[in-house]
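First up is the structure itself, then whatever we jot down about it.
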Amino acid sequence: MKRINMKRVALFAIIFTLAAGCKKLDLAPEDRFTDLTYWSSPAKALSMLNTAYSQIYNTDNFFYNEALSDNAYSRNDVSGSNSIATGAYDASLSRLKNEWNDHYKGIKSCNLLLSNIDKVPQMDETLKNRMKAEARLLRAFQYFQLMTWFGGVPLFDKDIDINTARSIQRSPRAEVLDFILKELDLAVGDLPTNTTLPEAERGRLTKGAAIALKARVLLYESRWQEAADLCQKLIGGTEYGTYSLFPSYEGVFLPQNEYNSEVILDIEFVPVKRAWGTFFDLAPISAGARLNAMAPTQELVDSYMMLNGKRINESGSGYNESDPYKNRDPRLSYTVVYHGYNWKNEDGSTRTIYIRPGSDPSSAKTDEYSPGSSKTPTGYYLRKYFDPTHDNNLSSGLNLILIRYADVLLMYAEAKNELSKLDESAWNQTVKALRSRAGFTDAAALNYNNAWSQEDLRQIIRNERRVELAMEGQRIFDIRRWKIAETVLNGWVHGAKYGPANEDNGYIRASLRNFDKGKHYLWPVPREERSINPNLSQNPGWN
């Protein structure tokens, strides 16, 4: 976080790493140092907690998880994204091993803190309890990620020795879920609210983060009433913090608005000291990118409705395939770069992005789609999270948001609809509020329609989640929990209408996807982990 001593974090990330499965658990000198001499002051306990914070999420995964879904296509297989999206992977894929190990590194750091912090002499009890609560929440988040990808996983709340690591079995999924929910319940009482955090501690975990994460867990389990009740705590009261939609959708993702009223949980960065450089392979080439490794799909672009509230294929929408980006949901232009895009430069000036082949009036043709080149493979680039204050090679210290208030509103709307209780009042609190903030003014796009069925509302809310949270890493989890992956992740994903006219009406065939509903809803346990520990069972359909 921005309060982290990065040199100390780097040191302890090395000392307490659970790299390559359990193979490094038997490093005795580090263990002795940890147990006998380390826990001598609150500052050292805080360093361990900061290590756990720094392990919360992999930055490449944050972005490239979108390419696991129908929102984006990655041709360079960063984070295993193309292998997984095309179904061309097995238990040896490095993404699976890294995912498993990264989460257990974070769990190990939390376990070490929770098992040893009571050894710290003369430590303030309030501070100690708060740090324990932060560690519990972080640990719950790590187990939630593991459970979502793999189902049942080895579950332990203390640091384990080498023999246990080589023999432990997977706990049933229900047991892991129960542990996550109980951990979040234990954490919330000792965490501060976002409104009581001093400026120097912004970014640390809060009651609101615990409530929002628990709501997400319950939503994924289709426990609608419980999820709705938790969301209501953040929508209708101040006991767990005060949150609201930031006035500008674009502004949510700009560096001058970090820690804005919408942010509930994020990954913290510090310019230069701890930064991410993923946009070096995502932005338009003319904006400073070296190449384009992942690009939005036509399927995502098509999901943005017209300003009049109609889908582009609805009668009376006014959609013009020859001028496809006119009168569209304003969130499209804050998320995706398309041909004719009005790009805002770092100095505040603007210029036009030319992507359609043969359209660039200059000789450079820097961003134009060209099959087989290092430029966009779909005819689109990414705008959301571009940092206009970036350093060299588009390196950024901009925080990446894991949960924001808009997501809470959408979770609430979804849960209420599944309970057949999404009335006009709940609609106005949620979908209407989001669309109003985005810039819609047409009554047909904003107002509740009493003629809508529950299924109508289900599809509206699901699409609203897609466009509101696009390129924020949530789509893959949504389509998996809705059990629609076998529908949206089979067949071609497309790019803009720059392809051969005799194929798919001229829309670029970007990638042929394959999703086997018999096995792909769970990832296989990494092969290397099972070779170390033969007691780890495998998920159905995998070897």
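The values are calculated or read from the model by the stated rules, or taken from the named source; none is laboratory data. Since we're looking at a predicted model, the values are computed, not measured. For neighbour counting, all protein chains shown are included, and Cβ atoms are generated from backbone atoms with ideal geometry for every residue, glycine included. Side chains are part of the model used for accessible areas, which takes the heavy atoms of the whole protein and leaves out ligands, DNA and RNA. Shrake-Rupley method; radii C 1.70, N 1.55, O 1.52, S 1.80 Å.
Overview of values
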item	result
Charge dipole (debye, nearest 20) of the chain; +1 at Cβ of Lys and Arg, -1 at Cβ of Asp and Glu	600
Carbon + sulfur, % of accessible area of the stretch 404-543 - ligands and nucleic acids excluded, 1.4 Å	45
Tilt relative to the chain, helix 42-54 - C-alpha long axis, 0 to 90 degrees, to 10	30
Sequence-distant residues sharing a close amide H with I267 (under 5 Å, placed H)	L400, I401, L402
Using θ = phi - 60° and Karplus 6.51 cos²θ - 1.76 cosθ + 1.60, couplings along the stretch 496-503 (whole Hz; Gly, Pro as x)	5, 7, 10, x, x, 5, 8, 10
Karplus 3J(HN,Hα) series, Hz, for the stretch 207-215 with 6.51 cos²θ - 1.76 cosθ + 1.60 (x for Gly, Pro)	4, x, 5, 5, 5, 5, 5, 5, 4
Neighbour cut-off at most 15 other Cβ (10 Å), DSSP loop, trypsin sites (Lys or Arg not before Pro), the stretch 137-195	K158
Angle between the chain longest axis and helix 94-116 axis [Cα atoms, degrees, rounded to 10]	40
Percent carbon-and-sulfur accessible area, the stretch 306-367, ignoring ligands, DNA and RNA, probe 1.4 Å	42
Degrees separating the helix 173-188 axis from the principal Cα axis of the chain, which is the longest one	80
Residues whose placed amide H lies under 5 Å from that of R513, excluding near-sequence neighbours	G491, W492, V493
Dipole magnitude of the stretch 281-402 about its Cα centre (Cβ charges: Lys, Arg +1; Asp, Glu -1), debye to nearest 20	140
Listed residues T352, T389 arranged by accessible area, highest first, probe 1.4 Å	T389, T352
Over the chain, relative contact order from alpha-carbon pairs under 8 Å, at least 6 apart, %	19
Global form of the stretch 42-142, assessed from the alpha-carbon gyration tensor, a/c cut-off 1.5	prolate
Spin-label pair E125/L446, simplified geometry with 7 Å Cα→Cβ offset, distance in nm	5.3
Set K214/K273; K214/K344; K105/K416; K97/K214 screened for pairs whose C-alpha atoms are more than 28 Å apart	K214/K273; K214/K344; K105/K416
Per-peptide average of other Cβ atoms within 10 Å, ordering 342-351, 410-419, 273-282 highest first	410-419, 273-282, 342-351
Calculated FRET value between T487 and D347, using beta carbons and R₀ = 60 Å, to 0.05	0.85
Probe 1.4 Å, accessible area per residue of the stretch 322-467, Å²	39
Listed residue (V525, Q429, M471) projecting farthest to the positive dipole end of the stretch 391-543, Cβ model	V525
Helix-only [θ]222 nm of the chain, DSSP H runs n ≥ 4, -39500 (n - 2.57) each, per residue, nearest 500	-11000 deg cm²/dmol
Solvent exposure of the stretch 229-305 as accessible area per residue, Å², 1.4 Å probe	34
Under 5 Å, built H, 5+ apart or other chain: amide partners of V337	Y381, L382, R383
Which of L400, A443, G541, positive extreme of dipole for the chain (C-beta unit charges)	G541
